[in-house]
Amino acid sequence: MTLPPNNTNSATNVHEARNALGKRLRELRHQAGLTGKQLAESLAWPPSKVSKLENGRQTPTDDDIHGWTQVTGTTDEAEALLASLHTLEVQHAEWQRQFKTGLSAHQNEIADLDARTKFFRAFEATVIPGLLQTPEYARARFAQGIAMFRAPNDINEAVRARAQRQEMLYRPDKRFHFILTEAALRFRLASPEVTLGQLDRLVSLSALPNVKLGIIGFETHYVVAPWHGFWILDHDRVVVETYSAELNLAQPQEVELYGQVFEQLAAVASYGRAARAIITGVIDDLAPDATEDGS
């Protein structure tokens, strides 16, 4: 079984949902006998905004929906349109919008989802998962997010929120299965000193009774290619992070597909003493660089 190099199916679903919403908005405008220019003028919008919304090139806000239905005399349609919009937002949550008020708010939102989830399965090909990160490693990751999205600098609050989320690793009613590639251990996403501390933490966390940590070494022959990281929450939702957005997939066939991919990745991963041997091997390779930087 192979997975295509991009999440085509999920991206298509999001695109189709946005197009369907735009098509319905266009129908309401036509029924009201309004041109795009007239609608834009009524709402004090630039004319291009109407075209972007109707053609699925821009996602409307709640206020956009309310304004559109008021001008077109179709306020009875607002509730259905808002339901479609919110479903789309859950499926495709753009980082730019989520981080508008800072990074810590998103961590708190994730915490609400964490509370409802009993079984976490995560695969990461390039980065250490947030639930396993040290504060220093998390700080480096958040700093990149702030720089990329020009978000408010609330790193201290975000790190604190992530640390609070990690407390559930010690709860016996929750189970965790993490699979990391050796590349995720070696990528220089933080300083050598910070990375060494992070690797040491992985060794410690691998001993927790409800945490299963698998490492896929460089020499491993893959059955399915590690195109991107993803999380499976219970058997209900898959979360995929891209550069621009967080995709939340809830269609049964997609959840089943990712479950199958996870099982194939788990089958070639090393666990226990073998996994820790890979981690300590990376530590040994990295230690001289940390000493040089320290001196």
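The values are calculated or read from the model by the stated rules, or taken from the named source; none is laboratory data. Just so it is clear, the structure is predicted and the values come from calculations on it, not from any experiment. Quick reminder, even Gly has a Cβ in these numbers, built from the backbone with ideal geometry, and neighbours come from all protein chains shown. Heads up: the accessible areas ignore ligands, DNA and RNA and are worked out on the full protein's heavy atoms, side chains in. Shrake-Rupley method; radii C 1.70, N 1.55, O 1.52, S 1.80 Å.
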- prompt: Out of the range 32-63, which residues are in contact (Cβ under 8 Å) with a residue 40 or more places away in the chain and over 27 Å from the mean Cα position of the chain (by Cα)?
  reply: 32
message: Within the range 26-48, does at least one residue satisfy the condition of being of a type in the set (A, V, I, L, M) and closer than 26 Å to residue 247 by Cα?
response: no
Among residues of the range 191-228, those that are open to solvent by 20 Å² or more (accessible area, probe 1.4 Å), farther than 13 Å from residue 280 by Cβ and part of a loop (DSSP other than H, G, I, E, B), counted: 15
Cβ pairs under 8 Å, 6+ apart, first in the range 136-152 and in contact (Cβ under 8 Å) with a residue 24 or more places away in the chain and more than 19 Å from residue 197 (Cα to Cα), second surrounded by fewer than 16 Cβ atoms within 10 Å (Cβ to Cβ) and polar (S, T, N, Q): 146/153; 149/96; 152/101
message: Given the criteria at pLDDT 90 or above, of a type outside the set (D, E, K, R) and either open to solvent by less than 60 Å² (accessible area, probe 1.4 Å) or under 16 Å from the mean Cα position of the chain (by Cα) (or both), does residue 144 qualify?
response: no
message: Residues that are in contact with a His (Cβ under 9 Å, 6 or more places away or on another chain) and at pLDDT below 75: does the range 112-133 have at least one?
response: no
query: Which residue pairs have Cβ atoms under 7 Å apart, sit 6 or more places apart or on different chains, and have a first residue in the range 210-231 that is modelled with pLDDT under 95 and a second that is crowded, with 18+ Cβ neighbours inside 10 Å and among the acidic types (Asp, Glu)?
result: none
- request: Kindly indicate which of 245, 250, 287 is in contact (Cβ under 8 Å) with a residue 24 or more places away in the chain, in contact with a helix residue (DSSP H, G or I) (Cβ under 7 Å, 6 or more places away or on another chain) and under 30 Å from residue 59 (Cβ atoms).
  value: 245
statement: Among (1) open to solvent by less than 20 Å² (accessible area, probe 1.4 Å); (2) closer than 15 Å to residue 120 by Cβ; (3) not β-branched (Val, Ile, Thr), residue 161 falls short only on (2)
- line: If we ask which residues in the range 167-184 are under 13 Å from residue 133 (Cβ atoms) and surrounded by 19 or more Cβ atoms within 10 Å (Cβ to Cβ), their number turns out to be 3
- request: Six or more apart or on different chains, Cβ under 7 Å: which pairs go from a residue in the range 160-178 that's over 28 Å from residue 216 (Cβ atoms) to one that's open to solvent by less than 10 Å² (accessible area, probe 1.4 Å)? Could you list them?
  value: 161/107
- request: Could you grab me the full set of residues in the range 20-60 that are in a loop (DSSP other than H, G, I, E, B) and more than 17 Å from residue 73 (Cβ to Cβ)?
  value: 44, 45, 46, 55, 56, 57, 58, 59, 60
